[in-house]
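> Before anything else, here's the structure in question.
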Amino acid sequence: MLSLASEVEVLARFGRALADPIRCRLLLALREAPAHPADLAEELGISRTRLSNHLACLRDCGLVVAVPVGRRTRYELADPRLGHALQDLRTAVLAVESDRTCPDADAKGCC
């Protein structure tokens, strides 16, 4: 059963998803167009197993959906507005000190 997440939960899920560079690249690729896992794995240069784990995370976070197409599955952003949000984040200018890192930079995890 699907439910709507609160504003804070949406931001937290989005942040956790973006915490991994592969998931960032995956979201940017899906921002361009829906795609099948084999094509995404090739485009990102990663194994299908690794891709599958990242797609599962993004599905669990509610950011992507799996769409059955015949005997295959295509992935796409769960909401077109996510593409706009990714574009806004991609082009945002951050004020970062070059000798500092985020305190949570080493934290791993998924939604």
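The values are calculated or read from the model by the stated rules, or taken from the named source; none is laboratory data. In this text, all values refer to a predicted model and were calculated from it rather than measured experimentally. Counting neighbours? That spans all protein chains shown, and the Cβs are built from the backbone with ideal geometry, glycine included. To get the accessible areas, we keep the full protein, side chains included, count just its heavy atoms, and leave off ligands, DNA and RNA. Shrake-Rupley method; radii C 1.70, N 1.55, O 1.52, S 1.80 Å.
> What residue, among those in the stretch 69-86 that are assigned to a helix (DSSP H, G or I) and among the small types (Gly, Ala, Ser), is least open to solvent (accessible area, probe 1.4 Å)? Step through it out loud before you land on a result.
Residues of the stretch 69-86 that are assigned to a helix (DSSP H, G or I), as a first pass: 80-86.
Those still in the list that are among the small types (Gly, Ala, Ser) too: 83, 85.
Values: Gly83: 12, Ala85: 34 Å².
Here the answer is Gly83.
> Go through (1) among the aliphatic types (A, V, I, L, M); (2) open to solvent by less than 50 Å² (accessible area, probe 1.4 Å); (3) assigned to a helix (DSSP H, G or I) one by one and return the number of the condition Ala66 breaks.
So the condition that Ala66 fails would be (3).
> Please go through (1) part of a loop (DSSP other than H, G, I, E, B); (2) at pLDDT 90 or above; (3) closer than 17 Å to Arg13 by Cβ for Cys57 and return the number of the only condition it doesn't satisfy.
Against the list (1) part of a loop (DSSP other than H, G, I, E, B); (2) at pLDDT 90 or above; (3) closer than 17 Å to Arg13 by Cβ, Cys57 comes up short only on (1).
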